[in-house]
Amino acid sequence: MKTVAILGLGLMGGSLGLALKAGRRDVTVRGYARRAETREEALRRGAVDEVYDEAGAAVEQADLAVFCVPILAIPPLVSHCRAHLAPGCLLTDVGSTKAYLVGQIGSRLQGTTAVFIGSHPIAGSEQQGIGAARAGLYQGAVVVVTPGPEAPPAAIRALRSFWEGVGGVVRVMDPEEHDQVMARTSHLPHLAAALLASAVGREDDPARWVELCGTGFRDTTRIAEGSPEVWHDIIRTNAGHAIEELRVFASEVTQLSNLIEEGQFDSMKTFLEKARARRRALVRERVGEDAQG
């Protein structure tokens, strides 16, 4: 990939540009952002070589175009860029849901030689914007690549190589399977954090409680700081799986509530022990994967 276009220069897009420029001197990064301040900051920080206020101009001559905007904005942006895509251009994204995009974008590229294969780097932060971007964001991060049934093997290999080039650990999954898994491992935790923040902060006068909100509250609600606009699109495009996981979560809450209400504190202790064991198993498994690299 000699020329890469990055559409959207927030945390994910800005970090990708920084990673590309830090690791390869022979790649040209062309960026697109709506806000002049973002474009200026991306140039100042060296995340892009060229920056545009028009998406079509940014993708011209690109071998790869990476869409780093909210999910619902991606299909219309692809349509806008269609006439400007170079022959054989590979398109991908960094969104957290994939089946919706595969269904939407494939039809928009019919009649062209461009190819779309979804990507989901499991990396990021509750922080937002180009100011939060850093070159090491993708280092060691799992990147799920979700080709549709007609994706050319050579394009899959090229996309795998691209993400590995910025430090990613690539996994290939079916788009629908990806969405089902992420509803459980990512989307439910975010919604649970939002529910917890909403419940704890329900009083009209939060100042009354500020000094009594310790690290437990901060740690368990940190991800609720994520962009509501971004998360609106994620949940809207994965609503079915998200609802399934919320129902499981509600069942767990009801079970625990009933144990406490009925005074079954030995059973409550067992519940907490099982929850701790499950968390430790998940964390230990991830640490083991990271160690194997």
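On the basis of being within 26 Å of Q139 (Cβ to Cβ) and under 16 Å from the mean Cα position of the chain (by Cα), does G46 make the cut?
Considered against the rule, which asks whether it is within 26 Å of Q139 (Cβ to Cβ) and under 16 Å from the mean Cα position of the chain (by Cα), G46 comes out as no.
Is at least one residue of the range 26-44 of a type in the set (D, E), touching a residue at least 12 places away in the same chain (Cβ under 8 Å) and touching a strand residue (DSSP E or B) at 6+ places or on another chain (Cβ under 9 Å)?
no
Only one residue in A65, A73, A99, A55 is within 22 Å of the chain's Cα centre (by Cα) and under 18 Å from V166 (Cβ atoms), so which one is that? Even if it seems obvious, please write down each step before you answer.
Numbers: A73 fails: under 18 Å from V166 (Cβ atoms); A99 fails: under 18 Å from V166 (Cβ atoms); A55 fails: under 18 Å from V166 (Cβ atoms).
Selected residue: A65, the only one of A65, A73, A99, A55 that is within 22 Å of the chain's Cα centre (by Cα) and under 18 Å from V166 (Cβ atoms).
What number of residues within the range 54-77 satisfy the criterion of being within 23 Å of A239 (Cα to Cα), in a helix (DSSP H, G or I) and hydrophobic (A, V, I, L, M, F, W, C)?
Going through the range 54-77 one residue at a time, the tally reaches 5.
Which is more than 19 Å from V4 (Cα to Cα) and touching a residue at least 24 places away in the same chain (Cβ under 8 Å), of V115, V181, V142, V200?
V142
Can you tell which of T237, T185, T215, T254 is polar (S, T, N, Q), under 30 Å from I74 (Cα atoms) and loosely packed, with under 14 Cβ neighbours inside 10 Å?
On inspection, the qualifying residue turns out to be T185.
Any idea which residue in the range 101-121 is nearest to P153 (Cα to Cα), counting only those that are of a type in the set (G, A, S) and out of contact with any Ser or Thr (no Cβ under 8 Å at 6 or more places or on another chain)?
Ranking the candidates gives A114 first.
Does the range 87-104 include one or more residues that are in the same structural domain as P70 (by TED's automatic domain parsing), part of a loop (DSSP other than H, G, I, E, B), out of contact with any Leu (no Cβ under 7 Å at 6 or more places or on another chain) and more than 23 Å from L72 (Cα to Cα)?
The answer is yes, given that some residue of the range 87-104 is in the same structural domain as P70 (by TED's automatic domain parsing), part of a loop (DSSP other than H, G, I, E, B), out of contact with any Leu (no Cβ under 7 Å at 6 or more places or on another chain) and more than 23 Å from L72 (Cα to Cα).
The values are calculated or read from the model by the stated rules, or taken from the named source; none is laboratory data. These numbers were taken from a predicted model, which means no experiment stands behind them. No Cβ is skipped: glycine too gets one built from the backbone with ideal geometry, and neighbour counts run over all protein chains shown.
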